[in-house]
Amino acid sequence: MGADPAAAGTPARLAIDGLRFRYPGPDGFELALDELRATAGETLVCIGPSGSGKTTLLHLLAGILAPAAGRVRIDGDDLTALGPAARRRFRLQRIGLVFQEFELLEHLTVRENVLLPYLMGLGRDAAAADRAGELAAATGIGHLLRRRPSRISQGERQRVAICRALCTAPALVLADEPTGNLDPRSAGQVLDLLLEQATARGATVVTVTHDHAVLGRFDRVLDLAQPAAAGALR
Amino acid sequence: MSGPLLLALRHLQHRRGTSLLLVACLALTGVLPIAVQLLVGAFSTRLRARALATPLVVGAPGSRFDLVLNTLYFRGRVPRPLPMRELDALIGSGLGTPIPILARDTAQGLPLVGTTPDYFAFRGLRFAAGGMPLAVGECAVGAEAAARLQLTVGSRVISDPGSLYAIEAGYPLRMRVVGVLAPAGSVSSPDDLAVFASLQTVWIAEGLGHGHAPPAEQASTAVLRADGENVVLDSSVFIYQEITEQNAASFHFHEDPAELPLTGVIVMPRDTQSATILKGRYRVADDAQMLVPADVVDEITGFVLRLKTFFDANSALVAVATAALLGLVIALSIRVRQRELQTLERLGVSRGAVARSIAWEYGIVCGLGALAALALGLALSRAVAVWWTWI
């Protein structure tokens with residue numbers, strides 16, 4: 001895969017070099033990405049058929065998986081040089097994640113779900129609580145903060161997940177099929193909201209999707225089915 | 001409140017039914033061992049405390065357990081009575097102060113205890129109202145007995161007839177309450193639930209003495225036989241059922257006073273040497289035995305504690321089984337919550353924080369289960385202790 005010419009000369013928020021990953025076993029899938037740069041506030045969408053490694057790439061960027069070789073740097077910090085515990089901590093502080101199934105905790109209120117990273121590791125923070133309130137208001141769920149996820153709609157659930165991902169003011173937001181569980185109308189709204197709120201806060205967004213109708217909303221498309229063209233600016 | 005604790009509480013609230021069921025299971029597992037522990041502890045302490053406060057007991061030969069339980073706790077029956085002459089012999093020895101006890105009958109379902117005023121001083125019993133039953137036909141009642149039968153000074157208590165078909169047994173005797181005892185202590189004592197009267201009163205209640213109009217005033221048909229001073233009357237003679245100032249003089253005993261029965265005698269030896277002499281005398285006696293109540297009670301509690309050892313072993317096995325089941329429940333719960341835990345991991349939550357949250361959750365469940373078991377065990381032991389009021 002080639003370098004990203006569009007990012008050349010701009011301070012890279014996300015920098016990938018010589019990334020190699022292979023699942024164990026004789027038929028294990030292999031992912032290779034030589035170079036990728038993304039700047040603050042830039043939005044990338046990763047497409048490709050099932051099994052092409054989209055989710056694996058997100059997991060490598062999040063530090064959930066450790067690569068066999070290569071480096072992933074976020075604001076200059078080498079994620080691949082960290083041990084498992086440090087990678088978790090880094091992820092909690094600097095990376096926001098949005099999942100297809102929202103992955104909200106049903107026993108917590110909307111507000112507690114948004115503040116989950118603080119409750120479970122980053123510690124109580126008044127500024128974070130204010131930020132959670134602002135994000136909820138900006139995404140239109142300000143009136144739902146006391147409700148449980150089971151009492152709100154699918155679209156509202158994904159907004160809660162977006163607020164949770166952005167609450168820590170992350171450098172990088174990784175979204176895995178964030179609209180896969182939503183109807184087309186809600187999908188467009190939620191995606192716009194994610195990109196708008198993330199870029200407004202200077203976060204780089206990497207999204208994985210199957211939905212080619214939404215590609216136009218992103219700055220760049222990374223097609224894992226065409227390695228030669230991967231990383232090319234569209 | 002820490003985040004892991006908040007998450008644990010929220011999860012417990014969310015799965016309220018399951019959490020309560022788990023707490024209830026743990027509580028039910030723990031309630032019986034706790035109740036038994038408390039009961040056996042209370043049983044041993046109270047039994048022993050009263051035994052330690054009673055230096056020596058004399059009674060007819062037979063079961064030492066029956067003699068001690070009857071003389072100290074007014075429970076059960078002694079197989080044979082002890083004649084009054086044994087009390088006279090003890091008084092004559094000058095080696096201690098004997099307090100006679102006659103406790104084999106009941107009055108309105110409560111132990112009827114014949115004794116002397118020395119007993120009240122010996123047990124340190126105080127009167128909440130009235131005073132000692134000094135005259136024949138009078139009685140004093142324990143605090144709980146008074147409460148249970150709603151008795152006050154001036155009330156009447158009726159002795160229970162021994163048997164419906166025992167025609168030689170006495171008629172029920174109406175006894176006048178002249179004293180109500182204050183509670184004997186913070187915990188229930190046998191004295192709280194007894195009716196105390198003089199030995200003469202209890203003998204009359206047992207049918208060993210009676211009062212009726214003089215033979216000269218009886219109809220001639222009632223006189224079966226007249227032999228000097230002894231007049232045999234038939235059952236048509238009216239027997240007084242309450243002893244009053246007017247009829248008190250008519251009460252009499254036909255039996256030899258030295259043979260009138262006692263169930264036991266509490267002996268307070270003058271000193272250690274006197275105790276040793278008394279023990280020596282009774283060791284060789286055929287018609288009476290002397291016991292140290294503390295030794296007998298130690299034997300009884302020894303049996304109980306030995307039985308409790310088996311119960312404790314069973315409780316330990318149940319505890320191990322419960323712990324294993326709880327472990328299984330936690331393992332299954334973690335499996336069911338795999339997705340939630342995976343989400344926390346993917347967000348970057350440390351394994352320690354996740355473990356703390358789970359530990360809080362099951363710690364709270366176990367804590368609540370233990371507290372509930374303790375509360376229920378305490379309540380159960382109290383309920384049983386009230387049932388066995390004398391313990």
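The values are calculated or read from the model by the stated rules, or taken from the named source; none is laboratory data. Since this is a predicted model, take the numbers as computed values, not measurements. FYI the Cβ positions are ideal-geometry reconstructions off the backbone, even for glycines, and counts take in every protein chain you see.
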Please indicate, with yes or no, whether at least one residue in the range B:90-100 is under 18 Å from the mean Cα position of the chain (by Cα) and crowded, with 19+ Cβ neighbours inside 10 Å. no
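Being of a type in the set (V, I, T) and surrounded by 15 or more Cβ atoms within 10 Å (Cβ to Cβ) is the filter; apply it to the range B:116-152 and report the residue that is modelled with the lowest pLDDT.
Start the filter on the range B:116-152 by keeping residues that are of a type in the set (V, I, T), which leaves B:116, B:136, B:141, B:152.
When the remaining residues are screened for being surrounded by 15 or more Cβ atoms within 10 Å (Cβ to Cβ), the result is B:116, B:136, B:141.
Values: B:T116: 95, B:V136: 89, B:V141: 95.
Taking the candidates together, the pick is B:V136.
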Mind checking which residues of the range B:48-65 are surrounded by fewer than 20 Cβ atoms within 10 Å (Cβ to Cβ) and under 18 Å from the mean Cα position of the chain (by Cα)? B:R48, B:A49, B:L52, B:A53, B:R64, B:F65
If you go through the range B:313-354, how many residues are surrounded by 11 or more Cβ atoms within 10 Å (Cβ to Cβ) and away from every other protein chain (no Cβ under 14 Å)? 14
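Considering only the range B:115-164, how many residues are of a type in the set (S, T, Y) and within 22 Å of the chain's Cα centre (by Cα)? Show your work before the answer.
Looking only at the range B:115-164, we keep the residues that are of a type in the set (S, T, Y), and these are B:115-116, B:119, B:152, B:155, B:159, B:163.
So of that shortlist, the ones also within 22 Å of the chain's Cα centre (by Cα) come out as B:115-116, B:119, B:159.
Number satisfying all stated conditions: 4.
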Read through the list (1) hydrophobic (A, V, I, L, M, F, W, C); (2) within 14 Å of another protein chain (Cβ to nearest Cβ); (3) in a helix (DSSP H, G or I); (4) surrounded by 13 or more Cβ atoms within 10 Å (Cβ to Cβ), then give the number of the only condition that B:A370 fails. (2)
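So that you can scan it fast, the table gives a plain yes or no per residue for (1) free of Cβ contacts under 8 Å to residues at least 40 places away in the same chain; (2) closer than 11 Å to B:V265 by Cβ:
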| residue | (1), (2) |
| --- | --- |
| B:R50 | no, no |
| B:P55 | no, no |
| B:L72 | no, no |
| B:P79 | yes, no |
| B:L82 | no, yes |
| B:D88 | no, yes |
| B:I91 | yes, yes |
| B:G96 | no, yes |
Among the residues of the range A:159-182, is any closer than 30 Å to A:L31 by Cα, touching a Leu at 6+ places or on another chain (Cβ under 6 Å) and among the polar types (S, T, N, Q)? yes
Scan of the range A:107-129 for residues that are at pLDDT 90 or above and charged (D, E, K, R), ordered by number: A:R111, A:E112
If I filter the range B:329-348 for residues that are at positive phi and not in a helix (DSSP H, G or I), do I get at least one hit? yes
Consider A:S150 against the criteria (1) crowded, with 18+ Cβ neighbours inside 10 Å; (2) within 14 Å of chain B (Cβ to nearest Cβ); (3) part of a helix (DSSP H, G or I): it satisfies all of them except one. Which criterion is unmet? (1)
In this structure, is A:E103 touching a residue at least 60 places away in the same chain (Cβ under 8 Å) and either under 26 Å from A:D211 (Cα atoms) or not aliphatic (A, V, I, L, M) (or both)? no
Within the range B:9-47, how many residues turn out to be farther than 26 Å from B:L332 by Cβ and surrounded by fewer than 16 Cβ atoms within 10 Å (Cβ to Cβ)? 2
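To keep it simple, each residue is scored yes or no on (1) of a type in the set (K, R); (2) in contact with a Ser or Thr (Cβ under 8 Å, 6 or more places away or on another chain); (3) at pLDDT below 90.
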{"residue": "B:F196", "(1), (2), (3)": "no, yes, no"}
{"residue": "B:G207", "(1), (2), (3)": "no, no, yes"}
{"residue": "B:S220", "(1), (2), (3)": "no, no, yes"}
{"residue": "B:G228", "(1), (2), (3)": "no, no, yes"}
{"residue": "B:Q246", "(1), (2), (3)": "no, no, yes"}
{"residue": "B:S274", "(1), (2), (3)": "no, no, no"}
{"residue": "B:G280", "(1), (2), (3)": "no, no, no"}
{"residue": "B:V284", "(1), (2), (3)": "no, no, yes"}
{"residue": "B:D295", "(1), (2), (3)": "no, no, no"}
Only one residue in B:R46, B:R104, B:R85, B:R80 is assigned to a loop (DSSP other than H, G, I, E, B) and either among the β-branched types (V, I, T) or more than 14 Å from every other protein chain (Cβ to nearest Cβ) (or both). Which one? B:R80
